[in-house]
Amino acid sequence: MNPIYIDLTCDQWYPHPRQTVWAAITNAEAIAQWLFETDFEPFVGKTFTLPTNDIGTWACTVLELIPPHRMTWLMQSPDIPERTLVVFTLWEVDGGTRLKVRHRGPAKPEHREDITEGWPGKLKHLLVHIPSD
């Protein structure tokens, strides 16, 4: 099996302060609502798992955490030896916050659609799980 390389960037605007969006992407209970169940904790070096519906359980590590601006995960697919980077970047815009997610790394060809359509869908799903201010 020859993996393909994915370099996906997607972003979503939220009508909430950056700190509120940051809380929704750095809390395990919140992440379970919009992404997947996880044992994530917000500190550099934390290893955690991210069990997905179609790809399997990813082994992850928090590489970078700069509240409330940027978070980077190193992710290891259960099927591919090379690792994937996922970077979350937040910035304030008029009336809210923009969240950009960049997913770079190898994937099985049959998982391309799960990843490239998954992130935009998950970011839209996050919108309904952010508490109103």
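Applying the condition of being part of a loop (DSSP other than H, G, I, E, B) and closer than 20 Å to residue 122 by Cα to the range 58-69 and asking which residue is least open to solvent (accessible area, probe 1.4 Å) yields 68.
Residue count for the range 46-57 under the criterion of being open to solvent by less than 50 Å² (accessible area, probe 1.4 Å) and over 18 Å from residue 29 (Cα atoms): the result is 2. When the range 84-95 is limited to residues that are modelled with pLDDT of 95 or more and surrounded by fewer than 16 Cβ atoms within 10 Å (Cβ to Cβ), the one that is farthest from residue 18 (Cα to Cα) turns out to be 85. Apart from one condition, residue 86 fits all of (1) in a strand (DSSP E or B); (2) more than 26 Å from residue 14 (Cα to Cα); the exception is (2).
Could you grab me the full set of residues in the range 104-117 that are without any contact (Cβ under 8 Å) to a residue 24 or more places away in the chain and within 21 Å of residue 34 (Cα to Cα)? Residues satisfying the conditions are 113, 117. Taking residue 26, is it surrounded by fewer than 15 Cβ atoms within 10 Å (Cβ to Cβ), at pLDDT 95 or above and within 22 Å of residue 97 (Cα to Cα)? No; evaluated as a whole, the condition is false for this residue.
Condition first: among the basic types (Lys, Arg) and within 18 Å of residue 123 (Cβ to Cβ). Now tell me which residues in the range 1-57 satisfy that. Scanning the range 1-57 gives a single hit, 18.
The values are calculated or read from the model by the stated rules, or taken from the named source; none is laboratory data. Computed from a predicted structure; not experimentally measured. Heads up, the Cβs are rebuilt from the backbone with ideal geometry, glycines too, and the neighbour counts pull from every protein chain shown. Heavy atoms of the whole protein, side chains included, go into the accessibility calculation; ligands, DNA and RNA do not. Shrake-Rupley method; radii C 1.70, N 1.55, O 1.52, S 1.80 Å.
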